[in-house]
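The values are calculated or read from the model by the stated rules, or taken from the named source; none is laboratory data. Predicted model, so just to flag it, every value in this text is computed and none were measured. Using ideal geometry, Cβ is built from the backbone for each residue, glycine included, and neighbour counts are taken over all protein chains shown.
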Amino acid sequence: MTDETLSVPFDEDSYYQDPAGFFAQLRESCPIAPVRMPDGRPMWVVTRYADVRGALTDSRLAKDVHRWPGGSRSRPSEAVGLHAHMLHYDGPDHTRLRRLVQQGFTPRRVAELRPRVEEIAAGLLDEMAAAGGGTIELLDTYARPLPITVLFELLGVPAPDRAWTTAAVLDYDDRAKSERVVRELAAYIADLVAVKRAEPGDDLISALVRARDGSGRDGAGEQLSDVELLSAIFQLIMAGFDTTVNLIASGTLALLTHPQQAARLREDPSLLPAAVEELLRFTNPLNHATDRFTTEDTPIGDVVVPTGEWVLLATSSANRDPAQYPDPDRLDVGRDTSAHLAFGHGIHYCLGAPLARMEAEVALGALLARFPELSLAVPEEELSWRPTSLMNGLKSLPVRVAPNRCEP
């Protein structure tokens, strides 16, 4: 790090309200910037599309802290045995775990889930319509319950446990509560594994338990350890919880503030798959990829990042890079968004991307069709965003399903 090291405002409202603006300034002034995080850690922030995409596939940028140059390190989650999942592994270990977990996210499995997603969406929209108009909190009534219900059904989380699990994951945002949440989830997941081992079902957790116990081994003899089993379930809950919620909520907001684009989708629903890709690029459910570190001196763009330095790859900035997407701050549901980085790139490309795409397509299409006069219930500038640097998610999204006829 140098005397020109910047301070990153990841603990300030100015960042949460406009992360795209913050990263845009870095992209223009210092695209590979040495920064100091709010907790004092030094880090390099990478903001240009070409640099981010290249770094996401560079094996010299690692995630497994046991490969730290100069000696192995540990993660806090090791204390409760939830650290050994794909997001924290590289190379063969990552590939092995991904192969065992990905059975729940194949194109065939996602296609089989679509009728159930449509059924859930229709039921939630019926409840919104039955409320009789007025202001509705879209996050609580639609954007959150739809993907969370799908996730819990896919995993096999029992219905009586879902409210508690949802509340626990939401508390994870609060730094004062996060350690408690991890401990409680570790205990709950261990109990749930015991239940699935005794009474397996047609769900992903049961399949992972079979992989752990040997009956799910493939021809290569691959198997999960106890810690890997618990860690995989923890990762699936945490990673699958927020991202699609953010996409549906932020995608709805983007369409409400760009009514011409919403009208295009209502007139031509065949544009929905392309629209979801553009909304992923435009709204970015994640502000950046999870942390990586250099295992040796590593060129990124025109900078050589020294060995043992942490690197933050700002995928949201890459998706707004005018060198890749002309007029990037304009929403265009007909745009060619191929190669956007909202789901990452390389070996850590989001495992649940096909499911998230399908859920968003169903959710947004059904919402637009059911409520053609849907509108924001507050000025856009009054909306606030969750105080977490990784997730780009609204705290709330109040909407009206029909105009307020009492207004002058």
Original post:
Picking from D140, D93, which residue would you name as being within 21 Å of T244 (Cβ to Cβ), of a type outside the set (A, V, I, L, M) and assigned to a helix (DSSP H, G or I)?
Top reply: D140
**OP:** Scan A55, A84 and give me the residue that is closer than 23 Å to T95 by Cα, assigned to a loop (DSSP other than H, G, I, E, B), under 20 Å from the mean Cα position of the chain (by Cα) and not β-branched (V, I, T).
**Re:** A84
Subject >> Matching residues in the stretch 307-348 - criterion: being surrounded by 16 or more Cβ atoms within 10 Å (Cβ to Cβ), over 18 Å from P285 (Cα atoms), of a type in the set (A, V, I, L, M, F, W, C) and touching a Phe, Trp or Tyr at 6+ places or on another chain (Cβ under 9 Å) >> reply: W310, V311
Subject >> Members of the stretch 150-169 found to be under 16 Å from the mean Cα position of the chain (by Cα) and either among the β-branched types (V, I, T) or surrounded by fewer than 19 Cβ atoms within 10 Å (Cβ to Cβ) (or both), listed by number >> reply: V150, T166, V169
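Rundown of residues vs (1) buried (at least 22 other Cβ atoms within 10 Å of the Cβ); (2) modelled with pLDDT under 85, yes/no style:
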{"residue": "S178", "(1), (2)": "no, yes"}
{"residue": "E184", "(1), (2)": "no, no"}
{"residue": "L192", "(1), (2)": "no, no"}
{"residue": "A198", "(1), (2)": "no, no"}
{"residue": "M238", "(1), (2)": "no, no"}
{"residue": "G251", "(1), (2)": "yes, no"}
Original post:
Given the conditions (1) of a type in the set (G, A, S); (2) under 24 Å from H88 (Cβ atoms); (3) at pLDDT below 90; (4) loosely packed, with under 13 Cβ neighbours inside 10 Å, and given that S215 satisfies all but one, which numbered condition is not satisfied?
Top reply: (2)
Original post:
Which members of the stretch 1-50 meet the condition of being surrounded by 18 or more Cβ atoms within 10 Å (Cβ to Cβ), modelled with pLDDT of 90 or more and either in a loop (DSSP other than H, G, I, E, B) or of a type in the set (S, T, Y) (or both)?
Top reply: P31, T47, R48, Y49
Subject >> Selection from the stretch 167-201 of residues that are farther than 20 Å from E228 by Cβ and in contact (Cβ under 8 Å) with a residue 40 or more places away in the chain >> reply: V169, Y172, D173, E179, G201
Subject >> Residues within the stretch 357-386 that are modelled with pLDDT of 95 or more and under 17 Å from the mean Cα position of the chain (by Cα), tallied >> reply: 6
**OP:** Could you please let me know if D140 is exposed (fewer than 13 other Cβ atoms within 10 Å of the Cβ), within 20 Å of the chain's Cα centre (by Cα) and either within 22 Å of I233 (Cβ to Cβ) or modelled with pLDDT of 90 or more (or both)?
**Re:** yes
**OP:** Evaluate the following for S389: is it of a type in the set (S, T, N, Q) and modelled with pLDDT under 95?
**Re:** yes
Original post:
Which of the residues spanning the stretch 111-137 are in a helix (DSSP H, G or I) and closer than 23 Å to P379 by Cβ?
Top reply: M128
Subject >> Restricting the stretch 65-81 to residues that are crowded, with 17+ Cβ neighbours inside 10 Å and more than 20 Å from the chain's Cα centre (by Cα), the residue that is farthest from D297 (Cα to Cα) >> reply: V80
Original post:
Identify, please: which residue in the stretch 335-356 is outside any loop (DSSP other than H, G, I, E, B) and among the small types (G, A, S) and is, among those, nearest to D93 (Cα to Cα)?
Top reply: G346
Original post:
Regarding A353, is this residue under 21 Å from A239 (Cβ atoms), touching a helix residue (DSSP H, G or I) at 6+ places or on another chain (Cβ under 9 Å) and not acidic (D, E)?
Top reply: yes
Original post:
Just a yes or no: is a residue in the stretch 317-334 within 19 Å of F22 (Cβ to Cβ) and outside any loop (DSSP other than H, G, I, E, B)?
Top reply: yes
Original post:
Quick check: is even one residue across the stretch 66-73 at pLDDT 85 or above, outside any loop (DSSP other than H, G, I, E, B) and in contact with a helix residue (DSSP H, G or I) (Cβ under 8 Å, 6 or more places away or on another chain)?
Top reply: no
Original post:
Does T106 satisfy being surrounded by 14 or more Cβ atoms within 10 Å (Cβ to Cβ) and among the polar types (S, T, N, Q)?
Top reply: no
**OP:** Within the stretch 227-244, track down each residue that is in contact with a strand residue (DSSP E or B) (Cβ under 9 Å, 6 or more places away or on another chain) and not charged (D, E, K, R).
**Re:** T243
